[in-house]
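> Please read through the structure below; I'll follow up with questions.
The values are calculated or read from the model by the stated rules, or taken from the named source; none is laboratory data. A quick note: this is a predicted structure, and the numbers were derived from the prediction, not measured. Cβ sites come from the backbone with ideal geometry, for glycine too, and all protein chains shown count toward neighbours.
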2 protein chains.
Amino acid sequence: MHRVTIADVARRAGVSTATVSRALSGGRKVSSDVAERVRAAATELGYEVNPIARALRVSRTDTVGMVVPSIRNPFFTALVESVEHALGADGKELLLCDAQSDPDTEAKRLDALVTRNVDGIIVSPCHGTDSTAAVQRTAERLPLVQLDRFVGGTSTDWVGVDDMAAMRAVLDHVRAGGARSAAYLGARLTNSSSELRHAGFGRHAEEFDLATDPQWTLLGDYSVEWGERAVGLLHDAGQLPDALVCADDLIALGAVRACRTRGIAVPDQVQVTGFDNIEFTRLAEPPLTTVDQPTRRIADEAVRLLADAAGGGSATRDAAHVALVPKLVVRDSTRAG
Amino acid sequence: MHRVTIADVARRAGVSTATVSRALSGGRKVSSDVAERVRAAATELGYEVNPIARALRVSRTDTVGMVVPSIRNPFFTALVESVEHALGADGKELLLCDAQSDPDTEAKRLDALVTRNVDGIIVSPCHGTDSTAAVQRTAERLPLVQLDRFVGGTSTDWVGVDDMAAMRAVLDHVRAGGARSAAYLGARLTNSSSELRHAGFGRHAEEFDLATDPQWTLLGDYSVEWGERAVGLLHDAGQLPDALVCADDLIALGAVRACRTRGIAVPDQVQVTGFDNIEFTRLAEPPLTTVDQPTRRIADEAVRLLADAAGGGSATRDAAHVALVPKLVVRDSTRAG
DNA sequence: AATTCGCTGGCAATCGATTACACGACTTGC
DNA sequence: GCAAGTCGTGTAATCGATTGCCAGCGAATT
């Protein structure tokens with residue numbers, strides 16, 4: 001067995017390889033009868049261009065790389081799915097890498113992608129500062145857009161949601177539901193989302209006159225376990241706030257669960273909110289009020305930016321920061337206003 | 001800017017490109033001082049081989065493709081993560097595709113992977129018969145191993161768990177917990193796992209003398225919604241069995257949830273079991289008893305088989321079917337024996 | 001009728017690596 | 001002392017496509 005090459009098609013159609021190439025990928029005009037003959041020969045032989053050979057020649061692979069902090073997190077899974085979908089429309093493929101929440105692994109993955117000549121990279125950096133160097137270096141070599149999170153000190157494209165605005169909507173909502181005080185169950189401030197959500201909570205709690213307390217700000221990681229543990233700490237310490245504002249849905253799921261095991265009524269005794277709107281929020285008891293991240297739109301936007309960057313000279317363009325405004329999804333873990 | 005090529009290194013080190021290639025990827029002996037000079041030149045210039053050019057020459061890309069039915073399903077996500085991990089150890093990359101549970105999309109993805117010269121393919125076919133043609137065709141061109149599910153009529157490698165044995169363990173367990181009757185909440189029999197788990201349920205329910213009823217066998221899809229709906233149907237129809245054996249965790253999560261909203265006590269009134277041991281099983285109320293799929297081992301085995309197939313002439317080897325025996329994970333949705 | 005133009009199609013270079021083959025120098029054996 | 005083998009290195013072909021440049025040819029222009 002031998003893979004069909006362009007030379008085979010050329011021979012069969014009685015033309016040169018140059019003509020076959022032009023007939024198929026239409027760089028230049030070819031007379032219609034020749035084009036027809038070539039197409040016929042190609043289909044008869046079952047010819048398909050060899051993307052490797054083409055990539056070597058034109059230095060373009062029609063592949064984009066994506067690096068996420070953890071594929072375990074359903075939010076990133078949803079993002080990956082959306083990106084895959086958006087790329088499919090452009091006839092591009094996705095090379096997916098998992099950074100395992102480790103900046104070193106992340107850097108390695110980024111390098112590997114550059115080496116592999118992907119056309120562009122979509123990355124959600126796992127760390128706000130430790131990821132900077134690798135992201136910066138990568139961005140100098142290739143079109144790169146950051147998704148959801150971003151690192152400080154670089155000027156690359158970014159698309160995500162307005163975390164501050166989202167927090168404002170959350171606090172507005174729990175306030176309307178009668179809360180007078182609120183705790184923040186978040187993640188250590190190692191990346192931009194964590195920081196912005198935390199900052200948003202602080203700023204808008206003040207705006208809406210919600211009582212807070214340094215002891216009510218608990219920072220761990222994005223996991224169910226941490227949510228459970230945090231509620232434990234809060235509960236054991238005594239007085240509970242009227243609302244538990246969580247930095248993501250996993251934490252919120254943990255929180256709700258801990259509330260139930262400890263007999264704390266949600267939302268009557270405390271209201272709980274999440275962030276991301278992953279699929280399992282519906283599954284909580286009660287279903288979580290949360291902030292919907294429009295992953296489809298985020299992905300579309302990212303792919304568009306990447307295409308733009310690949311088209312226009314990258315040096316001339318200004319970096320675009322696209323912040324979509326997320327919607328609050330009200331379910332039963334909060335009281336209706 | 002200009003990418004550093006092997007020629008640059010050669011010039012710098014004062015040798016030929018052939019020597020550079022040999023010095024770096026060590027095909028044949030090179031005198032140690034030359035090797036040293038070459039290595040020095042390479043690092044000074046920051047040279048890295050161009051994988052595209054190499055791939056064209058040696059027709060090997062060090063990339064394997066993976067196609068899963070749905071990246072939304074946490075079980076497959078876990079599988080992907082494990083495969084990524086296993087490949088990383090071999091210095092290979094993963095090209096991930098989502099078939100969106102559609103055999104046509106799946107076929108397209110498989111073709112795309114073949115065209116892209118991946119070294120091998122790992123696929124969990126979405127349909128037991130509709131996926132056959134594409135899988136077969138692909139397997140004729142490349143090393144291919146099926147994961148978890150497999151299609152009929154092909155003789156490719158496969159690795160997964162022994163679904164029948166798992167079902168036996170499940171039924172043994174619920175019987176020990178006092179169940180005398182059981183319902184099966186499954187998925188339509190469109191793929192091998194669905195069939196085997198269903199068959200396993202039937203066979204071993206008989207063995208353990210658990211009462212069943214055609215009306216207690218409900219087949220839908222792998223989703224939380226279906227689990228909820230199925231319990232609704234069962235409940236509305238009147239009498240409930242002592243155990244709800246679910247074909248996967250998503251269904252089980254839905255089932256448990258529906259039980260709670262309808263005031264059916266789990267596990268006292270009915271025991272509920274899942275399958276896969278996805279992360280969220282711990283989150284259910286009560287946490288789910290389920291069958292653990294050893295994704296790490298499955299992935300390792302798959303990668304090993306792929307490597308073997310790539311090494312030995314594919315024609316000579318017999319197809320290997322590796323069925324790992326899964327462990328039952330007992331949590332609180334069933335009664336301790 | 002001669003020149004120019006436009007259009008098609010072929011030749012050959014090119015992308016960046018790997019590797020078969022050749023070649024010279026040097027060792028070894030008889 | 002000469003043939004045979006070893007070893008290290010260079011030359012050039014090769015993988016399979018794309019594309020700059022040139023040639024031929026018919027139509028259009030002067």
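> Residues that are over 21 Å from B:Val68 (Cα atoms), at least 3 per element: which strands (runs of 3 or more DSSP E) completely within the range B:233-337 meet that?
The strands (runs of 3 or more DSSP E) meeting that bar are B:243-246, B:271-273, B:327-329.
> Got a sec? Which of A:Leu24, A:Leu96 is within 26 Å of B:Pro51 (Cβ to Cβ), more than 14 Å from DNA strand C (Cβ to nearest atom) and either part of a helix (DSSP H, G or I) or within 32 Å of the chain's Cα centre (by Cα) (or both)?
A:Leu96
> Let me spell it out: the conditions are (1) more than 10 Å from every other protein chain (Cβ to nearest Cβ); (2) away from DNA strand D (no atom under 12 Å from the Cβ); (3) on the phi > 0 side of the Ramachandran plot, and B:Val83 meets all of them except one. Which number is the exception?
(3)
> Name every residue in the range A:81-104 that is touching a residue at least 40 places away in the same chain (Cβ under 8 Å) and among the polar types (S, T, N, Q), in order of residue number.
A:Ser82
> Check off (1) over 15 Å from A:Ala299 (Cα atoms); (2) more than 11 Å from DNA strand D (Cβ to nearest atom); (3) within 10 Å of chain B (Cβ to nearest Cβ); (4) of a type in the set (Gly, Ala, Ser) for A:Gly88 and give me the number that stays unchecked.
Failing condition for A:Gly88: (1).
> Starting from the range A:273-300, keep only residues that are within 11 Å of another protein chain (Cβ to nearest Cβ), then list their pairs with residues that are of a type in the set (Asp, Glu) and surrounded by fewer than 24 Cβ atoms within 10 Å (Cβ to Cβ) whose Cβ atoms are within a distance under 8 Å, requiring at least 6 positions of separation or different chains.
As it stands, the answer is A:Glu285/B:Glu285; A:Pro286/A:Asp332; A:Pro287/A:Asp332, since those pairs meet every condition given.
> Output the number of the condition that B:Leu24 fails; it satisfies all remaining conditions of (1) more than 26 Å from B:Phe275 (Cα to Cα); (2) facing chain A (nearest Cβ under 8 Å).
Here B:Leu24 clears every test but (2).
> Something else now. Might you check whether a residue that is touching a Gly at 6+ places or on another chain (Cβ under 8 Å), of a type in the set (A, V, I, L, M, F, W, C) and within 22 Å of B:Ala134 (Cβ to Cβ) occurs anywhere in the range B:71-92?
No, that holds for no residue.
> Can you go through A:Asp104, A:Asp33, A:Asp98 and tell me which one is away from DNA strand D (no atom under 16 Å from the Cβ) and more than 12 Å from chain B (Cβ to nearest Cβ)?
Within the list A:Asp104, A:Asp33, A:Asp98, the selection yields A:Asp104.
> Moving on to the next point. Filter the range A:115-128 down to the residues that are touching a helix residue (DSSP H, G or I) at 6+ places or on another chain (Cβ under 9 Å) and either outside any helix (DSSP H, G or I) or more than 10 Å from chain B (Cβ to nearest Cβ) (or both) and list them by number.
Residues satisfying the conditions are A:Arg116, A:Asn117, A:Asp119, A:Gly120, A:Ile121, A:Ile122, A:Val123, A:Ser124, A:Pro125, A:Cys126, A:His127, A:Gly128.
> Let me ask something else. So which residues in the range A:49-65 are in contact (Cβ under 8 Å) with a residue 40 or more places away in the chain and either closer than 18 Å to A:Ile278 by Cβ or surrounded by fewer than 21 Cβ atoms within 10 Å (Cβ to Cβ) (or both)?
A:Val49, A:Asn50, A:Ser59, A:Arg60, A:Asp62
> Also, I was wondering about something else. If I filter the range A:160-216 down to residues being surrounded by 15 or more Cβ atoms within 10 Å (Cβ to Cβ) and among the basic types (Lys, Arg), which single residue comes out as nearest to the chain's Cα centre (by Cα)?
Once the filter is applied, the top-ranked residue is A:Arg197.
> Let me ask something additional. Give the residue, chosen from A:Arg141, A:Arg137, that is of a type outside the set (Phe, Trp, Tyr), under 22 Å from B:Arg3 (Cβ atoms), surrounded by fewer than 23 Cβ atoms within 10 Å (Cβ to Cβ) and at pLDDT 90 or above.
Sole residue among the options that is of a type outside the set (Phe, Trp, Tyr), under 22 Å from B:Arg3 (Cβ atoms), surrounded by fewer than 23 Cβ atoms within 10 Å (Cβ to Cβ) and at pLDDT 90 or above: A:Arg137.
> Would you check which residues across the range B:102-112 are surrounded by 18 or more Cβ atoms within 10 Å (Cβ to Cβ) and modelled with pLDDT of 90 or more and list them?
Residues satisfying the conditions are B:Pro103, B:Glu106, B:Ala107, B:Leu110.
> Could you figure out which of (1) surrounded by fewer than 24 Cβ atoms within 10 Å (Cβ to Cβ); (2) away from chain B (no Cβ under 14 Å); (3) in contact with a Lys or Arg (Cβ under 7 Å, 6 or more places away or on another chain) isn't true of A:Leu240?
(3)
> Let me ask you something else. Identify, from the list A:Ala78, A:Ala112, the residue that is touching a residue at least 60 places away in the same chain (Cβ under 8 Å), aliphatic (A, V, I, L, M) and facing chain B (nearest Cβ under 9 Å).
Of A:Ala78, A:Ala112, the one residue that is touching a residue at least 60 places away in the same chain (Cβ under 8 Å), aliphatic (A, V, I, L, M) and facing chain B (nearest Cβ under 9 Å) is A:Ala78.
> Given the conditions (1) modelled with pLDDT under 90; (2) small (Gly, Ala, Ser); (3) buried (at least 18 other Cβ atoms within 10 Å of the Cβ), which single one is not true for B:Gly120?
Unmet condition: (1).
> Go through the range B:150-191 and count every residue that is in a strand (DSSP E or B) and more than 22 Å from B:Gly128 (Cβ to Cβ).
So the count comes out to 3.
> Scan the range B:1-21 residue by residue and report those that are in contact with a Gly (Cβ under 8 Å, 6 or more places away or on another chain) and part of a helix (DSSP H, G or I).
Once the filter is applied, which keeps residues that are in contact with a Gly (Cβ under 8 Å, 6 or more places away or on another chain) and part of a helix (DSSP H, G or I), the range B:1-21 yields only B:Ser21.
> Checking B:Val4 against (1) surrounded by 14 or more Cβ atoms within 10 Å (Cβ to Cβ); (2) away from every other protein chain (no Cβ under 14 Å); (3) more than 9 Å from DNA strand D (Cβ to nearest atom), only one condition comes out false. Which one?
Only one criterion in (1) surrounded by 14 or more Cβ atoms within 10 Å (Cβ to Cβ); (2) away from every other protein chain (no Cβ under 14 Å); (3) more than 9 Å from DNA strand D (Cβ to nearest atom) is unmet by B:Val4, namely (2).
> Right, another one. Would you point out which residue out of B:Ala23, B:Ala10, B:Ala40 is of a type outside the set (Phe, Trp, Tyr), over 30 Å from B:Asp104 (Cα atoms) and away from DNA strand D (no atom under 13 Å from the Cβ)?
B:Ala40
> Which residues, counting only those in the range B:49-73, are at the interface with chain A (Cβ under 9 Å from one of its Cβ atoms), among the β-branched types (Val, Ile, Thr) and near DNA strand C (Cβ under 8 Å from one of its atoms)?
Of everything in the range B:49-73, those that are at the interface with chain A (Cβ under 9 Å from one of its Cβ atoms), among the β-branched types (Val, Ile, Thr) and near DNA strand C (Cβ under 8 Å from one of its atoms) turn out to be B:Val49, B:Ile52.
> In the range A:296-308, what residues are closer than 20 Å to A:Val329 by Cα and either in contact with a Cys (Cβ under 8 Å, 6 or more places away or on another chain) or surrounded by fewer than 23 Cβ atoms within 10 Å (Cβ to Cβ) (or both)?
Listed by number, the residues that qualify are A:Arg296, A:Arg297.
> Follow-up. Let me confirm something: among B:Asp111, B:Asp119, which residue is of a type in the set (Asp, Glu), within 15 Å of DNA strand C (Cβ to nearest atom) and closer than 21 Å to B:Val303 by Cα?
Going through B:Asp111, B:Asp119 in turn, the sole match is B:Asp119.
> Among the residues that make up the range A:44-53, is at least one of them touching a helix residue (DSSP H, G or I) at 6+ places or on another chain (Cβ under 8 Å), among the small types (Gly, Ala, Ser) and either under 30 Å from A:Ala252 (Cα atoms) or more than 16 Å from DNA strand D (Cβ to nearest atom) (or both)?
no
> Could you list all residues from the range A:1-19 that are closer than 17 Å to A:Glu48 by Cα and within 8 Å of DNA strand C (Cβ to nearest atom)?
A:Ala10, A:Ser16, A:Thr17, A:Ala18, A:Thr19 - these are the residues of the range A:1-19 that are closer than 17 Å to A:Glu48 by Cα and within 8 Å of DNA strand C (Cβ to nearest atom).
> I'm checking my understanding of the structure. Among residues of the range B:59-100 that are among the acidic types (Asp, Glu) and farther than 26 Å from A:His2 by Cα, which one is modelled with the lowest pLDDT?
B:Asp90
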